[in-house]
2 protein chains.
Amino acid sequence: MNRPRRAPTRETATDAGPPIKTTARRAAKQRAEVNVDGLTSVAGYLIRQAQLWVFEDFVETLAPLSLRPAQYSMLVVIRDNAGLSQMALAEVLGIGRSGIIPPLDYLESRGLLQRSPTSDRRTHALHLTAQGTKLLAEADKLVHQHEQRLMEKVGPRGYQQLLRVLAVFGTRS
Amino acid sequence: MNRPRRAPTRETATDAGPPIKTTARRAAKQRAEVNVDGLTSVAGYLIRQAQLWVFEDFVETLAPLSLRPAQYSMLVVIRDNAGLSQMALAEVLGIGRSGIIPPLDYLESRGLLQRSPTSDRRTHALHLTAQGTKLLAEADKLVHQHEQRLMEKVGPRGYQQLLRVLAVFGTRS
DNA sequence: AATGATTTGTTCATGTCAAGAACAATTACC
DNA sequence: GGTAATTGTTCTTGACATGAACAAATCATT
């Protein structure tokens, strides 16, 4: 599709006679005055926007430890369920079993967890190392700060309502 | 280490085989035993899980109209802000200005919107066509059904709390 | 009016990420 | 015992956001 990069000489807009605005005002107005009421009543849109904000702050929060959000969640689940299999971890996180392998490889290469053999020689038992436990404790502090920022954003009351309402999605069933 | 590496040897496809019987009893059992309390207190995790549920239902909701969620949101903003530029649309949706071009091309190719020239010949004014307006009305009905399903999931009270709390993220400023 | 800077739409290269197929080793089931 | 299912792994594919680079047009400053 070799379309011209930018339609060079389109037909002129002489017939429309659009309202002429000063450019300074146009830039400001177009940014500030776009009506999004049609979207703010759709919960899916709001949840997506909230997720973008939270995710961005979460990433920055854990960046000093070189941990990605998904990796943090893996460490937490492994800490609270020492010895679980990769399959169980994948299902609980809602990821395909092939999707957790790269992050697990990464975490293992950093010495934060280990894959131990079990009686069922197909599976690996996942455990945190001492180093992993220590780093996760650090991460928990940072995550707590992140939660504080979210609480400032939505208010203490809104924060608790959020946790209560969204608890339905916490357990995948 | 001494663990045998199970590396597949790429070979031609064997017979696909019959449909697999779901013996996921074990998996379901193991999943039920996994403790995820360490994550359900993190709002970011809950929001992500909620977003996954909502997004999946949203996609299925709009599938009969061959509309993706992002495309629906574009149509809504264009309807409520007829004539806005691609830059303004991109900013309001939180996407890069290069990211909206493929979906806009798609929507335009379906005859749902049109890019009209303006006095500023760099910009395009986005408008819904009659067909686009009609399809969006259909989509709105389906989205309303989607919102009903979400309300059943979190309860009427939880639904309204959700909208109220997340309203903070609705306007990007 | 001239000219350099900025804006807009577009293309392209890249990186990330999830989903799924295929496969080896192992175990479960009948 | 033999067939089916499970687990971990690799690889391929496709969607999608990101950012650079670029042409056309407009703005800003003199």
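The values are calculated or read from the model by the stated rules, or taken from the named source; none is laboratory data. Computed from a predicted structure; not experimentally measured. Positions of Cβ are generated from backbone atoms using ideal geometry, with glycine treated the same way; all protein chains shown enter the neighbour counts.
Figures for the structure shown
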read-out: Only one of A:Gly83, A:Gly132, A:Gly158, A:Gly96 that is at positive phi and not charged (D, E, K, R); value: A:Gly83
read-out: Filtered residue count, the stretch A:104-124, keeping only those that are more than 12 Å from every other protein chain (Cβ to nearest Cβ) and assigned to a strand (DSSP E or B); value: 1
read-out: Selected residue [buried (at least 16 other Cβ atoms within 10 Å of the Cβ), farther than 25 Å from A:Glu33 by Cα and of a type outside the set (S, T, N, Q)] from B:Glu147, B:Glu152, B:Glu138, B:Glu91; value: B:Glu147
read-out: Index of the failed condition, B:Ser173 passing every other in (1) surrounded by 13 or more Cβ atoms within 10 Å (Cβ to Cβ); (2) at pLDDT below 95; value: (1)
read-out: Any hit, the stretch B:28-38, residues being of a type in the set (S, T, N, Q), buried (at least 20 other Cβ atoms within 10 Å of the Cβ) and at pLDDT below 95; value: no
read-out: Number of the exception - A:Arg48 against (1) within 12 Å of DNA strand C (Cβ to nearest atom); (2) within 12 Å of chain B (Cβ to nearest Cβ); (3) in contact with a Pro (Cβ under 9 Å, 6 or more places away or on another chain); value: (1)
read-out: Condition check for A:Ala139: more than 10 Å from chain B (Cβ to nearest Cβ), touching a residue at least 12 places away in the same chain (Cβ under 8 Å), touching a Gly at 6+ places or on another chain (Cβ under 9 Å) and among the hydrophobic types (A, V, I, L, M, F, W, C); value: no
read-out: Selection within the stretch B:72-88 - surrounded by 22 or more Cβ atoms within 10 Å (Cβ to Cβ) and touching a Pro at 6+ places or on another chain (Cβ under 9 Å); value: B:Met74
read-out: Unmet criterion (only one of (1) out of contact with any Gly (no Cβ under 6 Å at 6 or more places or on another chain); (2) free of Cβ contacts under 8 Å to residues at least 12 places away in the same chain; (3) within 7 Å of chain A (Cβ to nearest Cβ)) for B:Glu60; value: (3)
read-out: Test result for B:Pro4, within 13 Å of DNA strand C (Cβ to nearest atom), at pLDDT below 50, under 26 Å from A:Ile78 (Cβ atoms) and out of contact with any strand residue (DSSP E or B) (no Cβ under 8 Å at 6 or more places or on another chain); value: yes
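Residue by residue, here is whether (1) acidic (Asp, Glu); (2) assigned to a helix (DSSP H, G or I) holds:
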{"position": "B:Gln51", "(1), (2)": "no, yes"}
{"position": "B:Asp57", "(1), (2)": "yes, yes"}
{"position": "B:Val77", "(1), (2)": "no, yes"}
{"position": "B:Ala82", "(1), (2)": "no, no"}
{"position": "B:Ala90", "(1), (2)": "no, yes"}
{"position": "B:Pro102", "(1), (2)": "no, yes"}
